[in-house]
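Participant: There's a structure below that I have some questions on.
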Amino acid sequence: MRKPMVAGNWKMHGHRATNATLLDAIVRGLPTGIDAAVYVPFPYLEQVSALLATTPLTWGAQTLQAAPSGAYTGEVSAQMLVEFACRSVLVGHSERRALFGETDAQIAAKFVAAQAAGLQPVLCVGETLAQREAGQTEAVVASQLQAVIEAAGVEALSHSVLAYEPVWAIGTGQTASPAQAQAVHAFLRQQVSRLAPEVALGLRILYGGSVKANNAAALFAMADVDGGLIGGASLVAEEFLAICAAAAHTR
């Protein structure tokens, strides 16, 4: 049985004066039976690591640089994240792909670097609206996944989390229907199963794309949806906790 996971991606949000209040409310209301994490902007890692050190809520970063060090102004290495006790890191989020031009090869290199430092990568894959309408969804997510398998090996997925985030549903208010999400999640699991059935069986695949309290239960009830990667709703304690509760009640 795969343990459900709910991950909050704060994106470029947060404030030192309000972070503590938000995290305290989440920790106090967090249900048992799930893994929960928050992915915060780099400047808040020290604050968050101090606030959450003795709690069940874990934390991580939103991206990293594949190189261990060097002339990469503005970048942060995996080892730097480890110094702030991060356990995991997002890799290949759609905004990194679209806004910063990250390629499948670069994302695969980040995946490898994260695991080499002992971090669990959360690999994000997903298609644009144009790609979905052209019937390319499976080809796109398969290519994104295959780049990582070729770089790290399929067994590396045993120490990672996969997140399907249709680009057309991120921050738009649109959400893939439970059936649409399940279809892509099942396809991704099948892609892994062709190479390593046991890895596929244990691989957690999260759904990310305008998940809210009012749609979380239906999404998480799908057989291959193991939780959610949550954007804006993770900045509201009551909303995030309701989503966590939905995940806890579906397994």
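Participant: Set Lys and Arg Cβ to +1 and Asp and Glu Cβ to -1, take the dipole of the chain about its Cα centre, and tell me which of Ser69, Thr58, Phe100 lies farthest positive.
Facilitator: Ranked along the dipole, the leading option is Thr58.
Participant: At 0.36 nm per residue, minus the direct Cα-Cα distance, what do Ala218 and Thr21 gain on full extension? Give it in nm, one decimal, please.
Facilitator: Working: separation 197, 0.36 × 197 = 70.92 nm, distance 2.93 nm.
Gain on stretching Ala218 to Thr21: 68.0 nm.
Participant: Please report the relative contact order for region 5-248, taking Cα pairs under 8 Å with a sequence separation of at least 6, and give it as a percent rounded to a whole number. Intermediate results must be reported in sequence, preceding the final value.
Facilitator: Details: 461 pairs, mean separation 53.1, N = 244.
22 percent.
Participant: Calculate for the chain the 222 nm mean residue ellipticity that helices alone would give, adding -39,500 (n - 2.57) per DSSP H run of length 4 or more and normalising by residue count, nearest 500 deg cm²/dmol.
Facilitator: Details: 11 runs with 111 residues, N = 251.
Taking each H run of at least 4 residues, the total per residue is -13000 deg cm²/dmol.
Participant: So what's the convex hull volume per residue for the Cα atoms of region 1-71, in Å³?
Facilitator: Cα convex hull per residue, to the nearest whole number: 121 Å³.
Participant: Rounded to two decimal places and with Rh computed the Kirkwood way over Cα pairs, what is Rg over Rh for region 149-197?
Facilitator: Rg divided by Rh gives 1.06.
Participant: Quick check: net charge around Ala25, other residues with Cβ under 13 Å of its Cβ, Lys/Arg +1 and Asp/Glu -1? Don't skip to the answer; put the middle values down first.
Facilitator: Details: positive: Arg28; negative: Asp24, Glu238, Glu239.
Net of charged neighbours comes to -2.
Participant: I've got another one for you. Among 126-134, 15-23, how do they line up by average Cβ neighbours within 10 Å per residue, starting with the highest? Don't skip to the answer; put the middle values down first.
Facilitator: Details: 126-134: 16.6, 15-23: 13.6.
Answer by packing, highest mean first, reads 126-134, 15-23.
Participant: Next question, about the same structure. What ranking do Ser77, Ser177 get, fewest neighbouring Cβ atoms within 10 angstrom at the top?
Facilitator: With the sparsest Cβ surroundings first, the list reads Ser177, Ser77.
Participant: List the relative contact order of region 105-176 as a percent without decimals, with contacts defined as Cα pairs under 8 Å and 6+ residues apart. Mind dumping the intermediate values first?
Facilitator: Details: 74 pairs, mean separation 30.6, N = 72.
About 42 percent, as a whole number.
Participant: For Asp226, Asp24, what's the fewest-to-most ordering of other Cβ within 10 Å of each Cβ?
Facilitator: Details: Asp226 27, Asp24 14.
In increasing order of surrounding Cβ atoms, one gets Asp24, Asp226.
Participant: Let's see if you can work this out: charge +1 on each Lys and Arg Cβ, -1 on each Asp and Glu Cβ, no other charges. What is the dipole magnitude of the chain about its Cα centre, in debye to the nearest 20?
Facilitator: Numbers: 15 positive and 19 negative charges, 66 e Å.
Using only the charged Cβ atoms, the result is roughly 320 debye.
Values in this text are rule-based calculations from the coordinates and carry no lab data. Small disclaimer: the values here were computed from a predicted structure and weren't measured. Don't worry about glycine lacking a Cβ; one is built from the backbone with ideal geometry, like all the others, and counts go over all protein chains shown.
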